[in-house]
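Remarks on the structure that follows.
What follows is calculated from the coordinates using simple rules that are stated; it is not laboratory data. What you see is a predicted model; the values in this text were computed from it and never measured. Every residue, glycine as well, gets a Cβ built from its backbone with ideal geometry; the counts of neighbours run over all protein chains shown.
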Amino acid sequence: MDAVFKKIKQDQELWELFTKKEEYDPILLDKYGRFPYYLSTQRNVFEPEVSDFLIKNGMNPEYPEGRKFAVCLTHDIDFVCTGMLNTATRTVKALKKGQFVEASILPFSRINKRWNPLWNFRQTMELEEIYGAKSTFYFLTLDPGNQDFTFSIEELEEELGHILDDGWEVGLHGGHEAYNNPTEIKRKKQKLEKVLKKEVIGYRNHYLRFKTPKTWELLAEAGFSYDSTFGYYDCAGFRNGMCHPFSPYDLNTGKEIDILEIPLSIMDTTLFSHMHLDFKQAWKLTEKLILTTERHRGVLTILWHNTNMQGDYLEFYKKILQYCAQKGAWMTSGAQICNWWKKKYGNYGQAEM
Ligand SMILES: [Zn+2]
């Protein structure tokens, strides 16, 4: 068994927290099949107790250019404005074909409104670039008739190409049932890969729906390198006491699972909708989690929806970027973190002890 597992196992309480034993046989799940923080016996979610123990016992994670810690920036794309998309795509296609007449009658003014919250990928990338950051966009890849279907991924082919060309990541945002359905996960991975013409290695499930440890097993089997779903939707913090990427352990099989978990700590809607924080309180908590991650030389994963790239929510996101840039954090995509971690610490992604 891996040295890290052995180390944690010395302390029964920490081992149960790390493996999330309480989630194996829950007395209750919510209507989306999620295990919420309010059902957990863990009451110290803002402290990464397992990571703390590992650091004190010799774990010594390193990041590129000697940076002290990392921030994994992510965006789940549930909605895009297909009306605008169609106009933009049709115009570009018309121009390419030399159909200037047709192109000129299309409403160009609409295309340039890139602050539209449903069509702001390039704007988001430009903003992140100012702070030397990159990020991941997890796209829903639904079929008509699937719950929450609003756009076909094929329509976004050109835009997805720009995202990849600029060095940002496109990952799969699995639909409602994917977390519990191996066929669905594999089919949607292939569907997205067909559009991207590139392998998809990163995953997050819609609504943070997740079953411990089954979803990890399904994702590993489908060929994903990493997942970033594992966080509570109803409370920010460290769901299994880890503020570092880790390979999960399956208590049923007694084996580690061949996938890297980059745990999610802060989701925009968690702060504002589920925890009911105002901007001041939300910043206080965000700052605390950033400082805690920095102190443990960890990785803090943040999820900001494309629909929240406006108004005060956009300002809040900018504040995170600015603050973490000042601290010299490595701000990047899930894929970059995954590749770095696996290359540095082996296939199972555990730091050496
Ligand atoms: Zn979603």
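Check which residues have an amide H placed less than 5 Å from LEU264's amide H, if you skip close sequence neighbours.
Hits under the 5 Å cutoff: PHE230, GLY231.
Tell me what the chain gives for mean residue ellipticity at 222 nm when only DSSP H runs of n ≥ 4 count, each as -39,500 (n - 2.57), the sum divided by the residue total, rounded to 500 deg cm²/dmol.
-11500 deg cm²/dmol
By counting other Cβ atoms within 10 Å of each Cβ, how are LYS344, LYS280 ranked from fewest to most?
Working: LYS344 14, LYS280 7.
Listing LYS344, LYS280 from fewest to most nearby Cβ atoms yields LYS280, LYS344.
Please arrange LEU321, LEU264 by counting, for each residue, the other beta carbons lying within 10 Å of its beta carbon, fewest first.
LEU321, LEU264
List PHE79, PHE139, PHE238 from most exposed to least, where exposure is judged by having the fewest other Cβ atoms within 10 Å. Please list the in-between numbers first.
Details: PHE79 15, PHE139 26, PHE238 31.
Ascending number of Cβ neighbours within 10 Å: PHE79, PHE139, PHE238.
Checking the table LYS9/LYS198; LYS198/LYS318; LYS255/LYS344; LYS211/LYS255; LYS31/LYS319 against a 27 Å threshold on Cα-Cα, which pairs fail? Can you show the working numbers first?
On the way: LYS9/LYS198 39 Å; LYS198/LYS318 30 Å; LYS255/LYS344 22 Å; LYS211/LYS255 17 Å; LYS31/LYS319 34 Å.
Listed pairs above 27 Å: LYS9/LYS198; LYS198/LYS318; LYS31/LYS319.
Please find, in a Gaussian network model of the chain (springs between Cα atoms separated by less than 10 Å), the residue of ARG297, ARG239, ARG122 whose mean-square fluctuation is greatest.
Per the Cα network of the chain with a 10 Å cutoff, ARG122 tops the list.
With label points built 7 Å along Cα→Cβ from the Cα atoms of SER152 and LYS198, find their separation and express it in nm.
Here the answer is 2.3 nm between the modelled labels.
What order do you get for 223-236, 302-315, 36-49 when each peptide is scored by the mean count of other beta carbon atoms within 10 Å, highest first?
Ranking the peptides 223-236, 302-315, 36-49 by packing returns 223-236, 302-315, 36-49.
Rounded to the nearest 5, what % of DSSP beta bridges with both residues in the chain are antiparallel?
Rounded to the nearest five, the antiparallel share is 10 percent.
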